[in-house]
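The values are calculated or read from the model by the stated rules, or taken from the named source; none is laboratory data. Keep in mind the model is a prediction, meaning the values are calculated, not measured. Virtual Cβ from ideal backbone geometry, glycine too; neighbours counted across all protein chains shown.
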Amino acid sequence: MNIEVMKTFCDLIETGSFSKAAEINYVSQSAVSQQLAKIERDLSTQLVSRGGGIVIPTEAGKVFLKGARDIIRRHEELLSEIKSASSTIRGVLRVGTIYSVGFYLLEPYVRKFLQAHPDVSLHVEYARANRIYASIIGGEMNIGVVACPEKHRSIEVIPLAGEELVVAFDPRHEFASRQVIHPQDLNGQKFVAFEPSLPTRRHIDKLLKKSHVNVNVVLEFDNIELVKRAVEIRAGLSILPLENVKHEASLGDILYRRIESPRKWLRPLGIVRRRGTAPGPAERMFLSILRGKTESASPLG
């Protein structure tokens, strides 16, 4: 079992989708399935549940996922240590991001940074927001890019532009014939939500409460890909960032409509870093790209 196989498994669980995991790792969907089958044969246990078109880790799968992430992280650290010991000095920058920001918005900036600064060793880790905050405070990450940044005495927040939130639903939903959704239209609707502990869930709950809307939460997930898969199979509608549903909308798997007064329905984004620490050269270069100082137009700010 090699690092690439472990990374593919982690991406499969993060995205909840064989096709997304294949896309991220530049392999076929069949290769992802074969890799998973081999791991399960080698371990003599089932690691994922595939019911209802949604990939969910079993208890054994959760244990394997944690171990795989630890191994991948240590492998990256080892490579950085080897590079640092070589005659050419290279900076190391560790960035944490939640999946819905990293995959859909951050990737172009990562490519731009690597093209401009190939001698910097950049490591991007996809993780939940609470892990990113803990890693920033603990010094394991230099910066994080998160949604709905939260205040903390040890954390500095650099605001970025917000993402528009839209109502996402399957093409056969009654909302398909509408051009815009009024918040009150969501009253009583079956709703697929993020887990209550996630900042995005708390933010959406506040927006719904402010509009005096009560939805019927039928499912809760910890990542956006599983939410979208549930919407696709008609489990309910959801409120999601616009950029995160454009691909499925282009395929006809999901429809979305803007919400009345869209400026009120935004998900704030922000850069988080440890308060009181001066950014190193690599971090300063990356921050300048994220904040749009090197290009005129930027979806991040």
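Miscellaneous remarks
- Checking each residue in the stretch 33-71 for being hydrophobic (A, V, I, L, M, F, W, C) and at pLDDT below 90 picks out Ile54, Val55, Ile56.
- For the stretch 1-22, a tally of residues being in a helix (DSSP H, G or I), surrounded by fewer than 20 Cβ atoms within 10 Å (Cβ to Cβ) and aliphatic (A, V, I, L, M) returns 2.
- Test for Pro108: is it closer than 18 Å to Leu242 by Cβ and surrounded by fewer than 17 Cβ atoms within 10 Å (Cβ to Cβ): yes
- Yes/no for Ile158 being part of a helix (DSSP H, G or I), outside the structural domain of Glu232 (by TED's automatic domain parsing) and not aromatic (Phe, Trp, Tyr): no
- Considered as a group, the residues in the stretch 179-201 that are crowded, with 18+ Cβ neighbours inside 10 Å and not in a helix (DSSP H, G or I) include one that is modelled with the lowest pLDDT, and that residue is Leu198.
- Only one of Gly96, Gly61 that is surrounded by 13 or more Cβ atoms within 10 Å (Cβ to Cβ), among the small types (Gly, Ala, Ser) and not in a helix (DSSP H, G or I): Gly96
- Any hit, the stretch 73-91, residues being farther than 18 Å from Ala134 by Cβ, modelled with pLDDT of 80 or more and surrounded by 18 or more Cβ atoms within 10 Å (Cβ to Cβ): no
- Within the stretch 123-148, considering residues that are touching a residue at least 60 places away in the same chain (Cβ under 8 Å) and surrounded by fewer than 17 Cβ atoms within 10 Å (Cβ to Cβ), the one nearest to the chain's Cα centre (by Cα): Asn130
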